[in-house]
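What follows is one structure encoded as structure tokens, with my remarks underneath.
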Amino acid sequence: MKKLGLLSIAASIAVTSMMAGNVELVSDLKIYGDAEVRGISVKGDTDTVKKDKQVLDSKLRVNLDFKTVEGIVVHSRIELKNDAWGDNSNDTFTWDEANVLVPFDKDKFLLAGRVNDTYGTPFYGSNGDKIDLALFGYKPVENVLLYAFDFKAVEGKNNDQNTFLGTNTTGTGDFDAYSVGGQITLDKLVVGGRYVYLQNNTETSTGSSIYNDATSHMFNAFTMGQIADLDLQAQVEKRIGDKTNSSAGQTDEKMFGAYLKVAKQINDFNVGMAALQTKDGYVAGQNLPVTYLTNDDLGTASLDRVGKYGDTSLVALNFAYDATKALTLEANLGQHDIKDATFMKINKDLKITEYDAGLAYKLNKSAIVSLRYALGTFDESSLDDMQTVVAAVNINF
């Protein structure tokens, strides 16, 4: 079963103590969120099947934040989502985020609950994914943050006694992850890194696909922000450890990734480039700001997670032009090189050239209308070119 770390116990005590007493609130309740309605057209070979369909989807997210008189911050966010209008089976209601931040001793804090992993970066960590954690943060001096946390990587239902712990959507097993890290802010640039140890608590049978004593070590370094009038995002990550108990015996993790994005604003133009390399693994976040076909916010992420189909190199040029105060024009050119690709069940090197074009128009300060088109052409004749069109209305409130 689950092994609680000291951080989890400490955070549980802090949250329990707060909820057990009378919580006195200050009148600064904040309600904010966003809503989106999209029309999507997909045609050609995508990550799973050949598609030729059009669909409407929508989502609404509402955040509720408030503070107590002692500075405790309570945050929650709910998400209502319909993946296809006219199909009620796709409707979802999710308590997307729910956490409590408890400051103490002026320079320390506890953070407990479900969060968006802002302490990770857009790689194998959890960027864009929700994680349940207990985190201790310490700010020894201004602009320096040190932290340690325990988060539950995989856990099963407490009423499931017949199979291994873990749900089908996250894997099978009982895994805890422990991490230490830190970051420093240098003017407009943040530099940091973290180490994560993944521990397998599962008692598995001989025939299980999980190696009984599997452990994993992740090393990540990153920088993001502005330097010399350049917008910069860069990181490198390495994983080592045990992976599975396959028919060939124990296999080792060897995952490596590197990512770089540089952009510069020149009057009304924004010009940038992005480069990405993965080996023996894939990028966790589906919303890397590289191309439309790798980004669910801008497109449909029809290629799924970068690196999923084989070692991948991706280079892209990104352009944006503010034609007016309300209208922005966009264009991207990307080259995907996938070694020994398993995309659509082929088993050979694959190249994908991606052409993106789009526009975004601000109706007012809160609402944006956008239209984006992506074309992915394959060097493999058996694959049909991928085309996506996404028209969307986004509202922030």
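The values are calculated or read from the model by the stated rules, or taken from the named source; none is laboratory data. If you're wondering where the values come from, they're calculated on a predicted model, not measured in any experiment. Neighbour counts are summed over all protein chains in view; Cβ atoms, including those assigned to glycine, are modelled from backbone coordinates with ideal geometry. When the accessible area is computed, the model is the full protein with side chains, heavy atoms only, and any ligands, DNA or RNA have been set aside. Shrake-Rupley method; radii C 1.70, N 1.55, O 1.52, S 1.80 Å.
Just name the residue that is modelled with the lowest pLDDT out of those in segment 46-57 that are surrounded by fewer than 12 Cβ atoms within 10 Å (Cβ to Cβ) and not aliphatic (A, V, I, L, M).
So, considering only residues that are surrounded by fewer than 12 Cβ atoms within 10 Å (Cβ to Cβ) and not aliphatic (A, V, I, L, M), the one modelled with the lowest pLDDT is 48.
Take the residues in segment 353-381 that are of a type in the set (S, T, N, Q) and open to solvent by 70 Å² or more (accessible area, probe 1.4 Å), then tell me which one is nearest to residue 54 (Cα to Cα).
Here the answer is 381.
Being aliphatic (A, V, I, L, M), open to solvent by 60 Å² or more (accessible area, probe 1.4 Å) and within 26 Å of the chain's Cα centre (by Cα) is the requirement here; does residue 395 meet it?
yes
Check whether at least one residue in segment 279-298 is closer than 19 Å to residue 262 by Cα, modelled with pLDDT under 95, surrounded by fewer than 21 Cβ atoms within 10 Å (Cβ to Cβ) and not polar (S, T, N, Q), and report yes or no.
Yes, because at least one residue in segment 279-298 is closer than 19 Å to residue 262 by Cα, modelled with pLDDT under 95, surrounded by fewer than 21 Cβ atoms within 10 Å (Cβ to Cβ) and not polar (S, T, N, Q).
Tally time: how many residues in segment 222-243 are closer than 17 Å to residue 254 by Cα and either modelled with pLDDT under 85 or open to solvent by 20 Å² or more (accessible area, probe 1.4 Å) (or both)?
The number of residues fulfilling the criteria is 7.
Suppose we filter 67, 43 for residues that are within 24 Å of residue 387 (Cα to Cα), in contact (Cβ under 8 Å) with a residue 40 or more places away in the chain and more than 24 Å from the chain's Cα centre (by Cα); which single one remains?
Checking each option against the conditions leaves just 43.
Can you give me the ranges of the strands (runs of 3 or more DSSP E) entirely in segment 58-159 with at least 1 residues that are modelled with pLDDT under 90, touching a Lys or Arg at 6+ places or on another chain (Cβ under 8 Å) and buried (at least 16 other Cβ atoms within 10 Å of the Cβ)?
91-104, 108-116, 130-138, 144-154
When you look at residue 330, is it modelled with pLDDT under 90 and either open to solvent by 20 Å² or more (accessible area, probe 1.4 Å) or aliphatic (A, V, I, L, M) (or both), yes or no?
no
Could you please find all residues in segment 300-326 being without any contact (Cβ under 8 Å) to a residue 40 or more places away in the chain, among the hydrophobic types (A, V, I, L, M, F, W, C) and surrounded by fewer than 16 Cβ atoms within 10 Å (Cβ to Cβ)?
Of everything in segment 300-326, just one residue is without any contact (Cβ under 8 Å) to a residue 40 or more places away in the chain, among the hydrophobic types (A, V, I, L, M, F, W, C) and surrounded by fewer than 16 Cβ atoms within 10 Å (Cβ to Cβ), namely 326.
Can you list residue pairs whose Cβ atoms sit under 6 Å apart, with the first residue in segment 232-249 being acidic (Asp, Glu) and the second being at pLDDT 60 or above and surrounded by 18 or more Cβ atoms within 10 Å (Cβ to Cβ)? Count only pairs 6 or more apart in sequence or on different chains.
Listed by first residue and then by second, the contacts come to 237/220; 237/257.
Return the pair list, or none, for Cβ contacts closer than 6 Å from residues in segment 350-365 that are within 15 Å of residue 323 (Cβ to Cβ) to residues that are open to solvent by less than 50 Å² (accessible area, probe 1.4 Å) and not in a strand (DSSP E or B), at least 6 apart or on different chains.
Close Cβ pairs satisfying both conditions: 361/326; 362/326.
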